[in-house]
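The values are calculated or read from the model by the stated rules, or taken from the named source; none is laboratory data. Every value quoted in this text rests on a predicted model; they were computed, and no experiment measured them. All Cβ positions, glycine included, derive from the backbone under ideal geometry; neighbour counts span all protein chains shown. Please note that ligands, DNA and RNA were not included when accessible areas were found on the heavy atoms of the full protein model with its side chains. Shrake-Rupley method; radii C 1.70, N 1.55, O 1.52, S 1.80 Å.
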Amino acid sequence: MQGLHLTADLFDCQAPPALMTNPAALRQACEQATRSAGLTAVGAQFHRFAQPGGGVTGVLLLAESHLAVHTWPEHRAVTLDAYVCNFSRDNSAAAEQLVAALVGAFAAGRVNLQRLQRGVPASVTAHN
């Protein structure tokens with residue numbers, strides 16, 4: 001249950017239009033970044049919204065947890081959500097690498113990144 005949850009809001013993205021509007025292009029970029037980070041994709045779903053210039057919502061199910069990406073080409077914006085569990089090893093560096101690769105791929109001019117440690121160690125007891 002322990003792991004690192006990263007979320008990032010990307011603004012002023014200068015990515016090629018296909019990365020923002022084409023589900024296959026976005027999926028390929030996400031899968032490549034996932035492999036390069038040493039994580040394992042076990043499933044995927046990517047959907048393009050029908051309106052002209054519509055964005056894409058995509059999810060990779062990871063053996064380590066998940067990656068979700070949402071594009072808003074009309075705003076040159078993207079949101080990323082990556083959560084990796086640290087069950088058999090510490091995957092925190094891999095999560096950081098995955099998000100950094102996608103931030104680079106979208107060529108974001110401004111990034112708002114949040115880090116959240118998830119789960120409570122067994123040696124810590126919660127008190128109400």
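A few comments on the model shown:
- Considering segment 115-128, and only residues there that are of a type in the set (G, A, S) and open to solvent by 100 Å² or more (accessible area, probe 1.4 Å), the residue that is modelled with the lowest pLDDT turns out to be A122.
- Members of segment 35-57 that are of a type in the set (S, T, N, Q) and under 23 Å from G119 (Cα atoms): T40
- Checking each residue in segment 53-83 for being under 10 Å from the mean Cα position of the chain (by Cα) and surrounded by fewer than 18 Cβ atoms within 10 Å (Cβ to Cβ) picks out H66, A68, H70, T79, D81.
- The criterion of being without any contact (Cβ under 8 Å) to a residue 40 or more places away in the chain, charged (D, E, K, R) and not in a loop (DSSP other than H, G, I, E, B) holds for R35.
- Criterion applied to N112, N86 was being modelled with pLDDT under 95 and either open to solvent by 90 Å² or more (accessible area, probe 1.4 Å) or at negative phi (or both), and the one residue passing it is N86.
- Residue that is nearest to A101 (Cα to Cα) [pool: residues in segment 38-52 that are under 14 Å from the mean Cα position of the chain (by Cα), free of Cβ contacts under 8 Å to residues at least 40 places away in the same chain and surrounded by 15 or more Cβ atoms within 10 Å (Cβ to Cβ)]: A41
- Residue check for L60: modelled with pLDDT of 95 or more, touching a strand residue (DSSP E or B) at 6+ places or on another chain (Cβ under 8 Å), outside any loop (DSSP other than H, G, I, E, B) and closer than 19 Å to L116 by Cα: no
- Taking each residue of segment 97-120 that is part of a strand (DSSP E or B) and looking for partners that are modelled with pLDDT under 95 and open to solvent by less than 60 Å² (accessible area, probe 1.4 Å) with beta-carbon atoms closer than 6 Å, six or more apart or interchain, yields R118/G3.
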